Amino acid sequence: MSRSRFPLPRSDISRRSLLAATVGGALASACATASSQPPGKVGLTGDNVSWEAPIAEAGKAMKTVNGVELVPEVIPSLESFEQIVKSSLRTNKTPDMLKYWSGYRLRDLARTGGIEDLTAHWDDAVGRGWVDPSLRSMFTHDDRVFGLPMNLAYWVFFYNTEVFAEHGLAAPTTWDEFLDACTTLKRAGITPLHGTADGRWPAFIWFMEVLSRQDPQFYVDLMNGREKYTDPRTERAMRTIVEFFDNDWFTAMDMNHADAAAGVVQGTVGMMPGGTFFTPNFTAVGGEPGGNIDAFVLPMADPEARPAMIIECSALVATVKGPDKNEALQAVGSWLHPDVSAAFTGTLQEGSPNPTVTPANPMIEGIARTVDENDLWMLNRFWELGPPELVEATVDDLAGFLLDPGSYRSVLATMQERADDAWQVWREAEQI
């Protein structure tokens, strides 16, 4: 399926045109770095500069465990990274290991035949108690595991504990308490909620959070192509977001996450939804996780529904044609070792998929306790659910909705038209 079948906003088309002009050079550079590392080292290629230090720390811990040291190799552009990875899998210049996505994006990569079946490594980790077995479906294709979870990012609502206390608020435990908190903050002159289309991909956040709390089973079925965007339950979620707009509860839709985090710390923004990987945005401006900054899981809008929350795990992948394949597979086998996982998530300040690892900070500890005590159903993030090109096109549609909330019915109709086409293509490819 070609991306051109899904029209993009003009600004995004321009941005992608500029990227296309530089991808060739980036690909050449990436292929050059896919040469063999010295003995005892193996490269791990990803798209996130902020993961460079955590990977290096995990690599040092891994060296003490099995003698293999991970070397971070960064391609600092999401789109370039994806194109480079898929192009290199067809060559003999493939990176040994990848930081990739779970869900359908991982399945899409597995269908190329260019990445290793890691089922035996998964089963070994489960047997040692090094991974939560419930995460398995996020990393499978044809019932085989093709990636191991690197982190466990909880999707939560960050807030300033001092601001909440000043206005007589506590972290909400019911949907009504959440709405009351928004009302109280608004009356106090504080913008209750951060919403944004900045950076493009965040446009799905509010749709994902509201729909998964109103009907988590429907969210799962919709994202897996079993339900329709034109369903009344989807309209209900969109109308809820429109009501938040009508209440003037949102920040400007071009406010980025770094500025929103600063607003939470400074007391001008009440709550910010996002993955716990946003924690460095708070610490960079004086926030202390578990101190003046904490986080809660958005309560269920339907108290009768199964309690749920959104999570996100990056996938550790080994390639078939990597130059240091044997050492890469040795590294995979030790990735979920408690010492390695603790070094990685401790530096990243993130949740660990290994339940034996001590939480990185008091905020993460509190969230993990909420998950355990309430037996929360952990749902994969919007970005990883569904055929990748459909998801990206739907993100653009949701960005249009955020800029014109009254358009939600026509947006949903457009989203369903795309979904009908994309799921047909995906399912036909599954049968090949």
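The values are calculated or read from the model by the stated rules, or taken from the named source; none is laboratory data. Since we're looking at a predicted model, the values are computed, not measured. FYI the Cβ positions are ideal-geometry reconstructions off the backbone, even for glycines, and counts take in every protein chain you see. Remember, those area values only see protein heavy atoms, side chains included, never the ligands or the DNA or RNA. Shrake-Rupley method; radii C 1.70, N 1.55, O 1.52, S 1.80 Å.
Solvent-accessible surface of segment 76-152, averaged per residue with a 1.4 angstrom probe and all protein chains in place: 38 square angstrom. In this calculation the C-beta distance from residue 142 to residue 288 is compared with R0 = 30 Å, giving a FRET efficiency of 0.10.
Label sites at residue 372 and residue 403, each approximated as a point 7 angstrom past Cα along Cα to Cβ, lie 4.6 nm apart. Annotation: amide H of residue 152 within the under-5 Å range of 351, 352, sequence separation 5 or more or interchain, hydrogens built in the peptide plane.
Near residue 37, the amide H atoms lying under 5 Å from its own belong to 43; only residues 5 or more places off or on other chains count, and H is placed 1.01 Å from N.
Phi angles across segment 357-363 convert, under the Karplus curve 6.51 cos²θ - 1.76 cosθ + 1.60 with θ = phi - 60°, into 3J(HN,Hα) values of 7, 5, x, 5, 7, x, 5 Hz, Gly and Pro given as x. Please label the shape of segment 158-258 as rounded, prolate or oblate, based on the square roots a ≥ b ≥ c of the eigenvalues of the alpha-carbon gyration tensor (a/c under 1.5 means rounded; beyond that, a/b larger than b/c means prolate, else oblate). It comes out prolate by the Cα gyration axes. Database remark: amide H of residue 379 closer than 5 angstrom to the amide H of 309, 310, 311 (H placed geometrically; neighbours at sequence offset of 5 or more, or on other chains; Pro and chain starts carry no H).
Computed from backbone phi, the HN-Hα couplings of segment 292-297 come to 6, 10, 9, 8, 10, 7 Hz, rounded to whole numbers (Karplus: 6.51 cos²θ - 1.76 cosθ + 1.60, θ = phi - 60°; Gly and Pro given as x).
Indicate the gyration tensor shape class of segment 201-303 (rounded, prolate or oblate), computed on the Cα atoms with a ≥ b ≥ c the square roots of the eigenvalues: a/c under 1.5 is rounded; otherwise a/b larger than b/c is prolate and the rest oblate. Prolate, since a/c reaches 1.5 and a/b exceeds b/c. Work out the count of Lys pairs in the chain where the Cα-Cα distance is under 21 Å, with the pair 8 or more places apart or on different chains. Step by step, the pairs that qualify in the chain add up to 17. Sequentially through segment 256-265, phi angles give Karplus couplings (6.51, -1.76, 1.60; θ = phi - 60°) of 7, 5, 5, 5, 5, 4, 4, x, 5, 5 Hz, Gly and Pro residues having no value and appearing as x. The angle between the Cα long axis of helix 205-214 and the main principal axis of the chain comes to about 70°, on a 0 to 90 degree scale.
Summing charges over all other residues whose Cβ lies under 14 Å from the Cβ of residue 315, with Lys and Arg as +1 and Asp and Glu as -1, gives -1.
Excluding ligands and nucleic acids, what accessible area in Å² is computed for residue 88 using a 1.4 Å probe, to the nearest 10? We get 0 Å² for residue 88. Given contacts defined as C-alpha pairs under 8 Å and at least six residues apart, what's the relative contact order of the chain, whole-number percent? Across the chain, relative contact order equals 25 percent. Residues 306, 239 ordered from highest to lowest accessible area at a 1.4 Å probe: 306, 239. Residue 99 sits with roughly 20 Å² accessible to a 1.4 Å probe, with DNA, RNA and ligands left out of the calculation. Computed in the context of the full set of protein chains, the accessible area of segment 302-432 at 1.4 Å probe radius has 48% of its extent on carbon or sulfur. Annotation: residue 337 carries an accessible surface of approximately 40 Å², with a 1.4 Å probe and no ligand, DNA or RNA atoms counted. Solvent-accessible surface of segment 222-273, taken per residue with a 1.4 Å probe and all protein chains present: 42 Å².
Modelled this way, with points 7 Å down the Cα-to-C-beta line, the labels at residue 77 and residue 252 are 2.8 nm from one another. Among the protein heavy atoms of segment 184-228, carbon and sulfur supply 41% of the accessible surface, probe 1.4 Å, non-protein parts ignored. Between the Cα long axis of helix 232-246 and the first principal axis of the chain there is an angle of about 60°, rounded to the nearest 10.
Placing unit charges on the Cβ atoms only, positive for Lys and Arg and negative for Asp and Glu, gives segment 289-393 a dipole magnitude near 260 debye about its Cα centre. Of the GluC sites (Glu not before Pro) in segment 232-335, the ones in a loop by DSSP (not H, G, I, E or B) with at most 12 other beta carbons within 10 Å are 304.
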